[in-house]
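Colleague: The structure is given below, and queries will be raised subsequently.
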């Protein structure tokens, strides 16, 4: 049957209580996040897992909670980091930076920084500092985290100078002065704007390679980054509970990275060419996830449910905008904006009524779009969403409490 685990996978999950009913029926339904949490950890406990926890070969962790409520997980120590390092070391465009010993500087949500500081403090047996120092923000000897503020638009000059100084400190240990920049595309774009505003380019050493991996990166943000850096800029897709599943090459095409995994694509609605990811993974031996609904949506090159033909990771299922002709995803609105106005930076579609919407936006240059460009974009967004749309320029759109931007909100 479509998507059902192989005999080899079944042998690896046979002792896990969560899967007993499915094994008895000979059929594995799609697994949702509440199914993972229900009865945790007893639903996952096997003699092997109990022994691994006792020996420190498995640990309890919480997901960061940036895309959904925080979930408790069990996994090997540094599971996600090792997945990242392996992918970096094998990537066709950036393996050289791994081999040369580049340090990894991470510029992303403050939640991620705080998580790293908590992990480090627990490892040292001390309480986490209220404001973690540079030394507190190293995940291991290769990776440090920079951001200490929820909203990067609010970074002040002294914070930017500190982050540039920390980049330089990480870079200085490399024989050729190279470093690898891991980031949220939005956070790096904010940093570039601040560096330009305060004339700090001489203090910003260019990275040898860049991966943006923490959230959907809009077309315009990706274009903005590519204009500023003469190095590979790679998109990496994955999640806390699964590890990494796909990566882009420097030309923007996606390739699967499915060691220990398989993927099904299910249409989110009848006849829709937006598909959600259903993932089976035994990569984490302590919490193998079989037919797990990740909540992420994709479009393929030809609209078919072929996991090898993914063209775009287009947002999350819970954030789809329902339409009479089928749902609209963040990636659809993003493509519409990117084709008509490369100057739009942060945007948010606000539903102001049953047939009306407002597109709030900022620009990279800080000034509103011209009248003709605004009118064309309002018409295009209106045609896409089936709502009368007007545009409103803002100097600032606040980031969400997760450290990520919401592209769609109900104004009520």
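The numbers here are math on the coordinates, done by the rules we state, and not lab data. Not measured: the values here are computed from a predicted model. Glycine gets a Cβ as well: all are built from the backbone with ideal geometry, and neighbour counts include every protein chain shown.
Colleague: Please report Rg (one decimal) and Dmax (integer) in Å for the Cα set of region 175-324.
Modeller: 17.6, 58
Colleague: If you take every DSSP beta bridge whose two residues both sit in the chain, what share of them, in percent to the nearest 5, is antiparallel?
Modeller: Values: 37 of 62 bridges.
Antiparallel: roughly 60 percent of the beta bridges in the chain.
Colleague: Taking the structure as given and computing Rg/Rh (Cα atoms, Kirkwood Rh), which label from (i) 0.97; (ii) 0.94; (iii) 1.00 fits?
Modeller: (i)
Colleague: What nm distance separates the two modelled labels at residue 197 and residue 12, each placed 7 Å from Cα along Cα→Cβ?
Modeller: 4.8 nm
Colleague: OK, next. Give the relative contact order (percent, whole number) for region 321-410; include only Cα pairs under 8 Å separated by 6+ residues. Before the final figure, lay out each step's value.
Modeller: Details: 130 pairs, mean separation 29.9, N = 90.
Averaging sequence separation for qualifying contacts and normalising by length gives 33 percent for region 321-410.
Colleague: Shifting gears a bit: Add -39500 (n - 2.57) for each DSSP H run of 4 or more in the chain, then divide by its residues: what number comes out at 222 nm, to the nearest 500 deg cm²/dmol? Show your work: numbers first, answer last.
Modeller: Values: 12 runs with 123 residues, N = 412.
Value at 222 nm, helices only, nearest 500: -9000 deg cm²/dmol.
Colleague: Then there's this: Can you sort 145, 85, 27, 19 by how many other beta carbons sit within 10 Å, fewest first? Before the final figure, lay out each step's value.
Modeller: On the way: 145 26, 85 16, 27 10, 19 19.
If I rank by nearby Cβ atoms, fewest first, I get 27, 85, 19, 145.
Colleague: A follow-up question, please. Say a paramagnetic label sat at a point 7 Å from the Cα of residue 157, along Cα to Cβ; which residues of region 191-219 have their backbone N under 14 Å from it?
Modeller: The answer is 194-201.
Colleague: Going by a ≥ b ≥ c, the root eigenvalues of the Cα gyration tensor, does region 321-410 fall in the rounded group (a/c under 1.5), the prolate group (a/b larger than b/c) or the oblate group? Walk me through the numbers before you get to the answer.
Modeller: Details: a/c = 1.64, a/b = 1.16, b/c = 1.41.
Note, shape of region 321-410 comes out oblate.
Colleague: Mean separation of Cα pairs under 8 Å and 6+ residues apart, divided by the residue count of the chain: what relative contact order is that in percent?
Modeller: Working: 697 pairs, mean separation 53.5, N = 412.
The normalised contact order for the chain reaches 13 percent.
Colleague: In addition: How far is it, in nm, from the label point at residue 304 to the one at residue 51 when both lie 7 Å from their Cα along the line to the Cβ?
Modeller: Modelled inter-label distance: 4.6 nm.
Colleague: Order by neighbour count: 216, 405, fewest other Cβ atoms within 10 Å first, most last. Please list the in-between numbers first.
Modeller: Details: 216 25, 405 18.
Neighbour counts put them in this order, fewest first: 405, 216.
Colleague: At what distance in angstrom do the alpha carbon centres of region 103-156 and region 279-351 lie from each other?
Modeller: Cα centroid to Cα centroid, the span is 29 Å.
Colleague: Can you sort 89, 184 from fewest to most other Cβ atoms within 10 Å of each residue's own Cβ?
Modeller: Details: 89 13, 184 26.
With the fewest neighbours first, 89, 184 line up as 89, 184.
Colleague: Kirkwood hydrodynamic radius for region 94-231: how many Å is it when counted over pairs of different Cα atoms?
Modeller: 15.4 Å
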